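Below is one structure, written out as structure tokens; the observations come after it.
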Amino acid sequence: MIRILVDADACPVKEEIYKVAFRHGVPVTIVSNSPIRIPAHPLISRVIVSDGFDAADDWIAEQADGAAICITADILLADRCLKAGAGVIAPNGKPFTTASIGGAIATRAIMADLRAGGDIIGGPAPFARTDRSRFLSALDEALGKLKRNVVTGRQA
């Protein structure tokens, strides 16, 4: 069954996810370490995992497959989901792909090394309205593609 899995603790686009999911009739699972308010709707469910390190990531990665679209900004979780066959979209609307994930992981490692060495580097750009718009389009497109692939029996 097609579904959306959300790494929800710091996700800024939950309302946008609900909007697209309702339009497509696709269930959404909100995964977090603490209770997060969700709409009272049969398509929306919530999973609260332990506060253990990577507990939400582990749950999402275990559920990810070719019928799932995962929403996360976590590059290492994105890699795990891609390896499981899921589609992955960052909250800014940029899709993670098998072609782009290696570069993202390398950049992440370089930035971590710079921070560990005491270099002062900027963080991600502030979340903007254009990011929300890009996210809405990317999620809508990914769901449409996944639905077409399920109908024709092709892999996403």
Checklist entry - Considering amide H positions built from the backbone, and no H for Pro or chain starts, which residues 5 or more places from Ile44, or on another chain, come under 5 Å of its amide H? => result Val28
Next on the checklist: Under the rule that an exposed site lies in a DSSP loop and has at most 16 other Cβ atoms within 10 Å, name the longest stretch of the chain with no chymotrypsin sites (Phe, Trp or Tyr not before Pro) of that kind, not counting the sites themselves.
Outcome noted: 54-126
Next on the checklist: Contact order normalised by length for the stretch 29-125, with contacts defined as Cα pairs under 8 Å and 6 or more residues apart; what percent is it?
Outcome noted: 16 percent
Checklist entry - Under the classification rounded if a/c is under 1.5, otherwise prolate if a/b is larger than b/c and oblate if not, where does the stretch 5-91 fall, given a ≥ b ≥ c as square roots of the Cα gyration tensor eigenvalues? => result oblate
Item to check | Estimated distance in nm for a label pair at Leu136 and Phe53, the labels positioned 7 Å out from Cα along Cα-to-Cβ | outcome: 4.0 nm
Item to check | Loop trypsin sites (Lys or Arg not before Pro), the stretch 1-109 (other Cβ atoms within 10 Å of the site Cβ: 14 or fewer; DSSP) | outcome: Arg37
Item to check | Unit charges on C-beta of K, R, D, E only; dipole of the chain, Debye | outcome: 760 debye
Checklist entry - Rounded, prolate or oblate: which fits the chain, taking a ≥ b ≥ c as square roots of the Cα gyration tensor eigenvalues, rounded meaning a/c under 1.5, else prolate when a/b beats b/c? => result prolate
Item to check | Distance between modelled label sites at Ala125 and Thr97, nm, 7 Å Cα→Cβ extension | outcome: 2.0 nm
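Rule-based calculations on the coordinates, nothing more; no lab input. Worth saying up front: this structure is predicted, and the values here are computed from it rather than measured. Positions of Cβ are generated from backbone atoms using ideal geometry, with glycine treated the same way; all protein chains shown enter the neighbour counts.
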